Amino acid sequence: AGHQGFSLFADFVLLGLFSGSRFPWLLFSLILLVFVISIASNTTMILLIRADPRLHTPMYFLLSQLSLMDILYISTIVPKMLLDQATSQRAISFAGCTVQHFLYLTLAGAEFFLPGLMSYDRYVAICHPLRYPVLMSRKVCLLIVVAAWLGGAADGFLLTPVTMQFPFCASRAINHFFCEVPALLKLSCRDTSAYETAMYVCCILMLLIPFSVISASYTRILIAVYRMSEAEGRRKAVATCSSHMVVVSLFYGAAMYTYVLPHSYHTPEQDKAVSAFYTILTPMLNPLIYSLRNKDVTGALQRALGKCLASRKVTAF
């Protein structure tokens, strides 16, 4: 591999999340567990929403899209990372790194846009319930989903070619567990400051616009709810809004830390910890906080399990 070091398309080496850990196999087991829970809970959500007619509403259609994004998002990063640790193999090809980079940016971008658009659905449902069927028609739902996916794809198509065209001649060792932009740019031997500034502006827009929409929607919801005379309805709405805001704030906050805060303020180890939060933990938290605490979903789950058990009993006889 000596002659390969000067090649423009040589393999990269991912130093990974486990390299600095004192208990790598404990961390490996935890991440594997989170991955399995994430895939299982998101798949359950998608299947329940498809199977139960009571969940055929705009909100659940959008939540099923969020679950799909979560499955793809975590699958872009975690299996490769766990496989590398299990086989003690750290290499990733230039093409592999480019594909991972593109998929990650597309899915993360779509995940940034969708909660912003989903908050509009909640705003209409609570503040304009009579106009809800018109304002959140099937066409509007599809538009919301297409807009989120297109926004994410635009992010991937814009940033991937620019990031990967830089000459990486300093080193091939990426001090990260996947091909993330800031970690890759550190390996470039050309000045990347102009590109980093452009990316900074792009990320601020991508993060602040959805975050502002979410904050505005939930503020309007809370004002409307506060005027409600029914204490139980008020308590439920506040609980829902606050749990959504916590997830959204953590997800956007972690992304802002990585992409918006100047590099001098954070170390590679801190970057890895923060990235692990929003690439590994968020896909597990989303279904648990948005959906599985919800009475409609738990009811649908009980009905599905009931049907499953009943059919088993029939076949047993």
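The values are calculated or read from the model by the stated rules, or taken from the named source; none is laboratory data. Note that the structure is a prediction, hence the values are computed from the model and not measured. Cβ sites come from the backbone with ideal geometry, for glycine too, and all protein chains shown count toward neighbours. We work out accessible area using only protein heavy atoms, side chains counted, and drop any ligands, DNA or RNA first. Shrake-Rupley method; radii C 1.70, N 1.55, O 1.52, S 1.80 Å.
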(message) Could you give the length gained by full extension between residue 36 and residue 56, i.e. 0.36 nm per residue of separation minus their alpha carbon distance, to one decimal place?
(response) 4.6 nm
(message) For 138, 220, give me the order by solvent-accessible area with a 1.4 Å probe, most accessible first, ignoring ligands, DNA and RNA.
(response) 138, 220
(message) Please give me the summed charge of the neighbours of residue 282: other residues whose Cβ is under 10 Å from its Cβ, Lys and Arg +1, Asp and Glu -1.
(response) -2
(request) Note down the magnitude of the dipole of the chain about its Cα centre, charges +1 on Lys and Arg C-beta and -1 on Asp and Glu C-beta and zero elsewhere, to the nearest 20 debye. (result) 1200
(request) Would you indicate which of [x] 6, 26, 35, 23, 8, 2, 0; [y] 5, 24, 31, 22, 13, 5, 1, 0; [z] 6, 27, 37, 24, 5, 0 is the value of P(r) over Cα pairs in 10 Å bins from 0, in percent derived from the coordinates of this structure? (result) [y]
(request) Provide the gained length on full extension for the span residue 89 to residue 135, in nm with one decimal, where the gain is 0.36 nm per separating residue minus the Cα-Cα distance. (result) 11.4 nm
(message) What FRET efficiency comes out for residue 232 versus residue 288 if R0 is 22 angstrom and r is the Cβ-Cβ distance? Round to the nearest 0.05.
(response) 0.45
(message) Below 8 Å between Cα atoms, with a sequence gap of 6+, how large is the relative contact order for the range 103-187 in percent?
(response) 39
(request) With r as the distance between the Cβ atoms of residue 201 and residue 270 and R0 = 30 Å, compute the FRET efficiency 1/(1 + (r/R0)^6) and round to 0.05. (result) 0.85
(message) Cut-off 18 Å, label point 7 angstrom out along Cα-to-Cβ of residue 305: give me the residues of the range 52-92 whose amide nitrogen falls inside.
(response) 52
(request) Label the range 74-114 by shape, choosing from rounded, prolate and oblate, from the square roots a ≥ b ≥ c of the eigenvalues of the Cα gyration tensor; if a/c is under 1.5 it is rounded, and otherwise prolate applies when a/b is larger than b/c, oblate when it is not. (result) oblate
(message) Taking 35 Å as R0, compute the FRET efficiency from the Cβ-Cβ separation of residue 128 and residue 47 and round it to 0.05.
(response) 0.65
(message) Quick check for me: using +1 on Lys/Arg Cβ and -1 on Asp/Glu Cβ, what's the dipole size of the range 210-317 about its Cα centre, in debye to the nearest 20?
(response) 660
(request) For the chain, please report how many Lys pairs fall under 25 Å Cα to Cα, leaving out neighbours fewer than 8 apart on the same chain. (result) 5
(request) Have a look at 206, 195, 168 and report the one farthest towards the positive end of the charge dipole of the range 134-211, computed about the Cα centre with Cβ charges (Lys/Arg +1, Asp/Glu -1). (result) 206
(request) Count charges around residue 192 for me, please; just the other residues with Cβ under 15 Å from its Cβ, Lys/Arg as +1, Asp/Glu as -1. (result) -1
(request) Would you mind working out the magnitude of the charge dipole of the range 84-189 relative to its Cα centre, with +1 at each Lys and Arg C-beta and -1 at each Asp and Glu C-beta, to the nearest 20 Debye? (result) 180
(request) Please name whichever of 294, 117, 14 sits farthest to the positive end of the charge dipole of the chain, dipole taken about the Cα centre and charges placed at Cβ: Lys and Arg +1, Asp and Glu -1. (result) 294
(message) So if I take the centroid of the Cα atoms in the range 213-289 and the same for the range 93-155, what is the distance between those two points in Å?
(response) 16
(message) Explain nothing, just the number: relative contact order of the chain, from Cα pairs under 8 Å at least 6 residues apart, as a whole percent.
(response) 26
(request) Starting from the Cα gyration tensor of the range 164-310, take the square roots of the eigenvalues, sort them a ≥ b ≥ c, and report rounded, prolate or oblate (rounded when a/c is under 1.5, otherwise prolate if a/b is larger than b/c, else oblate). (result) oblate
(message) Could you work out what % of the accessible surface of the chain is carbon and sulfur, using a 1.4 angstrom probe and leaving DNA, RNA and ligands out of the count?
(response) 70
(message) At a threshold of 8 angstrom on Cα-Cα distance, excluding pairs fewer than six apart, so keeping six or more, what relative contact order does the range 195-317 reach in percent?
(response) 25
